[in-house]
1. Within the bounds of the stretch 107-116, is there any residue that is at pLDDT below 90, touching a helix residue (DSSP H, G or I) at 6+ places or on another chain (Cβ under 6 Å), of a type outside the set (Lys, Arg) and assigned to a helix (DSSP H, G or I)?
2. Do you know which residues across the stretch 52-87 are hydroxyl-bearing (Ser, Thr, Tyr), open to solvent by 50 Å² or more (accessible area, probe 1.4 Å) and modelled with pLDDT under 75?
3. What single numbered condition from (1) farther than 29 Å from ARG93 by Cα; (2) at pLDDT 85 or above; (3) buried (at least 19 other Cβ atoms within 10 Å of the Cβ) fails to hold for GLU196?
4. Pairs under 6 Å by beta carbon, first residue touching a residue at least 60 places away in the same chain (Cβ under 8 Å) and farther than 9 Å from ARG186 by Cβ in the stretch 202-213, partner surrounded by fewer than 17 Cβ atoms within 10 Å (Cβ to Cβ) and of a type outside the set (Phe, Trp, Tyr), six or more apart or different chains?
5. Go through (1) open to solvent by 80 Å² or more (accessible area, probe 1.4 Å); (2) outside any loop (DSSP other than H, G, I, E, B); (3) at pLDDT below 65 for ILE24 and report which single condition fails.
6. Show the residue pairs that are 6+ apart or on different chains and have beta-carbon atoms under 8 Å apart, the first residue being within the stretch 143-168 and assigned to a loop (DSSP other than H, G, I, E, B), the second being at pLDDT below 85 and of a type in the set (Lys, Arg).
Amino acid sequence: MEIFVTIGIKLVISFFGLWIITFITGRKTLSQLTPLDFLSSLILSEIVGNTIYDDEVKIWHLLFALFIWTALSYLFEKVTTHFVKFGNMAEGRTVLLIDDGKVDQDLLEKYDIEYTQLLFMLRQQNIFSLSEVRYALLETNGSLSVMRKSEAEQSSAFSITVIDKGRVLEESMRGRSMNKKQIQERVRESGYNCIEDIAYAEYKEDGTIYILPKNKP
């Protein structure tokens, strides 16, 4: 019976302890968590989980662990707030992937972002073409913030990826296939003789093609 009482007390302490830590260090939604916040949550859950069911760990041990973790989390939040450079190193900075309609291929490569990933994040915001984007920022929590071009600059035509990193994709999207020769002809008409020189291209239903050439070394 004593062991159940001990586990119950530990659970109550852990519940209110975690609530206090969340309140002190700042309440965030899941969408606002940075990778560091996520890692911190995992470690904290391990601390609490391992102490609750370990008979050798006393209630005072749990209180001590929660106190130390709260103090460290609070101090870290204050340091990252007051020292900007350290905060950038610890939590990262917002990355401008698309600047005034131009895709920064170097940043895509640096952060290991494929065009398929970028397009997936855009489609989640009802944007189906890179040509519709004026600015796109990769936030520290991994989400994408987007500013569209004006309505006059946008095209309502549906588009699909036909070239990715110099390779022709005849069926990049299941249910919609493209003719390789037709793609090559459209590329040549746009002034590109070599497919390998193209980083990304998408074909629109209105017959136009959007091409992003590779950066020249």
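The values are calculated or read from the model by the stated rules, or taken from the named source; none is laboratory data. Being a predicted model, the structure only gives us computed values, none of them experimental. Using ideal geometry, Cβ is built from the backbone for each residue, glycine included, and neighbour counts are taken over all protein chains shown. Side chains are part of the model used for accessible areas, which takes the heavy atoms of the whole protein and leaves out ligands, DNA and RNA. Shrake-Rupley method; radii C 1.70, N 1.55, O 1.52, S 1.80 Å.
1. Checked against the condition, which is being at pLDDT below 90, touching a helix residue (DSSP H, G or I) at 6+ places or on another chain (Cβ under 6 Å), of a type outside the set (Lys, Arg) and assigned to a helix (DSSP H, G or I), the stretch 107-116 yields no hits at all.
2. TYR53, THR81
3. Here GLU196 clears every test but (3).
4. Correct list of pairs: LYS204/ALA157.
5. (1)
6. Between residues of the stretch 143-168 that are assigned to a loop (DSSP other than H, G, I, E, B) and residues that are at pLDDT below 85 and of a type in the set (Lys, Arg), the close pairs are SER155/LYS204; ALA157/LYS204; PHE158/LYS204.
Listed here are the residues, each with its yes/no results for (1) over 23 Å from ILE160 (Cβ atoms); (2) open to solvent by 40 Å² or more (accessible area, probe 1.4 Å); (3) touching a residue at least 60 places away in the same chain (Cβ under 8 Å).
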position	(1), (2), (3)
ARG93	yes, yes, no
GLY101	no, no, no
GLN105	no, no, yes
ILE113	no, no, no
THR116	no, yes, no
LEU119	no, no, no
ARG123	no, yes, no
SER129	no, no, yes
VAL133	no, no, no
